[in-house]
Amino acid sequence: MAQPSIFDQILDPASRANPYPLYAELRKTPVARQDDGAYVVSTYDEIVALLHDPRVSSDPRKRPDVAGETPAPEEGPPGIPPDFIRLDPPQHDQLRELATRPFGPPSSPGRVEGMRSWLAEVTHGLIDNFAGKHRVDIVDDFAYPLPVTAICRLLGVPLEDQPRFHHWADAFVATMDPSTGTFAERQRKRNHVQAELGEYMDGLADAHVRQPGDDLISGLLTDTGPHGPMSRKDILSTASLLLVAGHETTVNLIANGVLTLLRHPDVLDRLRREPDLITPLVEELLRYEPPVQMLSNRATVADIDIAGTTIPQGSPLVLMLAAGSRDSHRFADPDRFDPDRTDNQHFGFGGGIHYCYGAPLARVEAQVALPALAHRLVNPRLVADPPPYRPNPTLRGPRHLLVELDTLAPATEQEQAAPGERLTR
Ligand code: HEM
């Protein structure tokens with residue numbers, strides 16, 4: 001039997017706890033053709049180049065194996081058009097611009113920063129729920145409910161609907177695992193999930209039309225900007241994308257963060273003493289243990305010459321972001337977790353026109369969550385190292401992260417506590 005390729009070994013769940021030695025192997029061939037015709041790209045400069053190359057498409061309808069299978073916007077119940085992560089310019093740019101108006105600068109500059117104190121309240125409420133326990137699961141009891149509460153609040157999605165959309169979010173995330181089927185099969189599943197989620201969002205949009213609030217869905221519905229409001233159908237796909245994109249990614253950033261801090265007690269100690277360390281620390285986490293390890297949603301729409309290889313038109317691409325962020329030609333001592341690192345242009349949030357829309361929110365969530373845990377968990381210890389991982393090689397993170405603690409320190413006066421939200425996964 002043929003030896004599995006390095007990429008196949010990376011997809012194997014057995015590699016999930018530590019894929020980094022395999023990434024180092026992969027970087028020896030910066031652009032590696034796979035048996036199925038896909039090209040896996042693993043070095044920093046080549047990934048940057050392809051993230052910014054207009055000959056690289058994110059639109060699945062332009063791939064030979066999917067063409068004709070994705071319903072056009074006007075087809076298929078309930079006619080949910082592709083969200084902007086799956087569109088190329090100019091449609092991508094138009095929708096992203098409209099989606100940014102109620103979320104960030106220049107139209108809504110204070111939106112995310114304005115959530116910081118509310119996020120701190122939710123954070124401390126969740127930590128208060130640990131009272132009396134000597135063992136907690138950082139994933140289920142903290143890293144999951146915090147971002148889900150945040151994205152629901154931002155979008156105007158009722159938190160009590162969480163059991164309804166949770167399985168859609170899970171199904172959506174599963175379609176990002178290249179080991180679960182061909183790209184075309186995964187796109188079909190994704191369309192199906194998006195249709196169900198879109199139907200749910202449709203009902204919600206009706207409610208927001210009747211009673212607009214200070215949330216993103218209301219903002220999109222009532223926008224009076226120069227280009228008018230986003231169309232109703234595009235709002236449904238955009239809101240569905242944001243709900244899902246704001247889920248598993250930030251969960252993993254927080255869980256990976258706690259794991260990394262417990263593996264580096266010197267840094268944990270510093271964080272307790274030096275609050276400003278959190279900003280570079282979160283950036284280093286995004287480089288060192290990124291929640292999104294690869295992008296397998298790209299294909300070439302023309303021949304591309306790169307690193308001595310010609311990638312033919314119509315080839316699927318896999319951009320190994322996590323491998324690029326540990327490329328020694330770009331980062332000194334890349335396997336070292338070093339929050340003092342400067343010039344840290346990691347791929348944690350991707351790059352180019354699809355650079356993560358939610359990055360400001362994800363950053364603030366991690367910047368609030370990690371110092372709060374560092375202060376309040378007294379003598380935290382990992383129960384298992386490595387912890388059990390989810391099988392998904394794209395969105396990589398622990399399934400559970402059990403931590404033992406002696407006791408809980410009270411929140412300081414500034415750290416106002418509110419009742420924590422309890423969510424079940
Ligand atoms: C730590 C948390 C997060 C990480 C690591 C992350 C990572 C990423 C990455 C790598 C991309 C690029 C995808 C591509 O190029 O195809 C991306 C895009 C995106 N992210 Fe995030 N993300 C996070 C949180 C969020 C949150 C909280 C939201 C929503 C509020 C969000 C919304 C989006 C959207 C809408 C896109 C598509 C942007 C576009 O196509 O222009 N993300 N994210």
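The values are calculated or read from the model by the stated rules, or taken from the named source; none is laboratory data. These numbers were taken from a predicted model, which means no experiment stands behind them. Every residue, glycine as well, gets a Cβ built from its backbone with ideal geometry; the counts of neighbours run over all protein chains shown. These accessible areas exclude ligands, DNA and RNA; they are computed on the full protein's heavy atoms, side chains included. Shrake-Rupley method; radii C 1.70, N 1.55, O 1.52, S 1.80 Å.
If you count only protein heavy atoms with a 1.4 Å probe, what accessible area per residue comes out for segment 6-416, rounded to a whole Å²? If you can, show how the numbers build up before the last one.
Details: 16700 Å² over 411 residues.
Value returned for segment 6-416: 41 Å² of accessible area per residue.
Computed from phi, the 3J(HN,Hα) profile of segment 4-14 under the Karplus parametrisation 6.51, -1.76, 1.60 (θ = phi - 60°) reads x, 5, 4, 5, 4, 5, 5, 5, 5, x, 5 Hz, with x in place of Gly and Pro. Residues whose amide H falls under 5 Å from that of Ser315, counting only those 5 or more places apart or on a different chain, are Thr300, with hydrogens built in the peptide plane. For segment 221-334, the dipole from Cβ point charges (+1 on Lys and Arg, -1 on Asp and Glu) about the Cα centre works out to 240 debye, to the nearest 20. Taking one quarter of the surface of the C-alpha convex hull of segment 6-416 gives a mean projected area of 19.5 nm².
First measure r as the distance between the Cβ atoms of His134 and Lys189, then evaluate 1/(1 + (r/R0)^6) with R0 = 41 Å and state the FRET efficiency to the nearest 0.05. Present the calculation step by step, with values, prior to reporting the outcome.
On the way: r = 41 Å, r/R0 = 1.00.
The pair His134/Lys189 has a calculated efficiency of 0.50.
Dipole size of the chain about its Cα centre, with +1 on Lys/Arg Cβ and -1 on Asp/Glu Cβ: approximately 260 debye, rounded to the nearest 20. Scaling against 2.2 N^0.38 Å puts the C-alpha radius of gyration of segment 195-294 at 1.53. If Lys and Arg each add +1 and Asp and Glu each add -1, what is the summed charge of the other residues whose beta carbon sits under 10 Å from the beta carbon of Asn379? Net of charged neighbours comes to -1.
Expressed to the nearest 5 percent, the antiparallel share of DSSP beta bridges inside segment 6-416 is 85 percent.
Net charge of the neighbourhood of Thr43, taken over other residues with C-beta under 12 Å away and scored Lys/Arg +1, Asp/Glu -1, is +1.
Extension gain, Ser5 to Ala17: 0.36 nm times the residue separation minus the Cα-Cα distance gives 2.5 nm.
Among residues other than Asn344 whose Cβ falls under 15 Å from its Cβ, what is the net charge (Lys/Arg +1, Asp/Glu -1)? Let's see the in-between values first.
Working: positive: Arg287, Arg326, Arg330, Arg336, Arg341, Arg363; negative: Glu283, Glu284, Glu289, Asp327, Asp333, Asp335, Asp338, Asp340, Asp343.
Residues close to Asn344 contribute a combined charge of -3.
Spatial offset of segment 302-362 relative to segment 7-27 amounts to 16 Å, using the alpha carbon center of each.
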